[in-house]
1. Every residue in segment 155-166 that is out of contact with any Lys or Arg (no Cβ under 8 Å at 6 or more places or on another chain) and closer than 14 Å to Lys37 by Cβ, please.
2. Using the structure shown, decide if Arg103 is closer than 30 Å to Leu155 by Cα and surrounded by fewer than 14 Cβ atoms within 10 Å (Cβ to Cβ).
3. Pull up segment 1-38, narrow it to residues that are modelled with pLDDT under 75 and part of a loop (DSSP other than H, G, I, E, B), then point me to the one that is nearest to Leu166 (Cα to Cα).
4. Please go through segment 136-161 and pick out each residue that is modelled with pLDDT of 85 or more, assigned to a strand (DSSP E or B) and out of contact with any Asp or Glu (no Cβ under 6 Å at 6 or more places or on another chain).
5. Considering only segment 36-53, I want to know if a residue exists there that is surrounded by 13 or more Cβ atoms within 10 Å (Cβ to Cβ), assigned by TED's automatic domain parsing to the domain that holds Arg163, farther than 28 Å from Arg148 by Cα and touching a residue at least 40 places away in the same chain (Cβ under 8 Å).
6. Being among the basic types (Lys, Arg) and under 21 Å from the mean Cα position of the chain (by Cα) is the filter; apply it to segment 79-131 and report the residue that is nearest to Ser23 (Cα to Cα).
7. Anything in segment 131-181 that is in contact (Cβ under 8 Å) with a residue 24 or more places away in the chain, of a type in the set (D, E, K, R) and within 28 Å of Arg103 (Cα to Cα)? List them, or say none.
Amino acid sequence: MPFDGRNAILASRPTLAAAMLVSRIEPIDPQMLDRHKADELRRYPAGWFYRHRVAVQIATLVLLLAGTLGSFTVALVIHPAVGIGAGLVVLASAISQSAVPVRGPALWMERAVTELNPVHPIIRESALRLQEQLPEVKFRLGELIQDRTTLDPYLVVEYQNERAVLGIWNGGQLIASVGMQASYDASSRRPVAV
């Protein structure tokens, strides 16, 4: 039965999609965010030393052990000063690898935000318009973190079981924003109009 009361109750409950429609906000395709996230992980891989850290540790240990034995041998056979000098050179080369900066892998992290100041102004305006329509919405800021550096954040809005992407940016540059009808081009890192 079309008018038995159940439909009226369901229709009166606010939804994120309805609030976005009233606020004239068109969300970004979630697949575009997924493509962007995958592309950024490829752009910011871990460094060579991080990827080969076990081999570097083993090589350092072997160098230290062989150098220590070699310097003792040189000190006994040739001259103690030459042996001590060789030992110091081996020790310095083993320690020097720890001074090389190691770039770890980039990781996507999301956190709940109540203050929208770190959000790009255009995306923040859309988020505030949406919050006027639906005050219970929650915002999550996604960030690509690599060695304490934040790269290419994005903003997601959540309400009950619904979720929508409002925008992706990098510093002052918008990569994707609400209202941009675009598909993501990974080679240029820019949305392409469709």
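The values are calculated or read from the model by the stated rules, or taken from the named source; none is laboratory data. Quantities reported herein were computed from a predicted structural model and do not represent experimental measurements. Here the Cβ positions follow ideal geometry from the backbone for every residue, glycine too, while neighbour counts run over all protein chains shown.
1. Val165
2. When the stated conditions are applied, Arg103 does not pass them.
3. Arg13
4. If the condition is that a residue be modelled with pLDDT of 85 or more, assigned to a strand (DSSP E or B) and out of contact with any Asp or Glu (no Cβ under 6 Å at 6 or more places or on another chain), then Phe139, Leu141, Glu143, Ile145, Tyr154, Leu155, Val156, Val157, Glu158, Tyr159 are the ones that fit.
5. No, that holds for no residue.
6. It comes out as Arg124.
7. Arg140, Glu143, Asp147, Asp152
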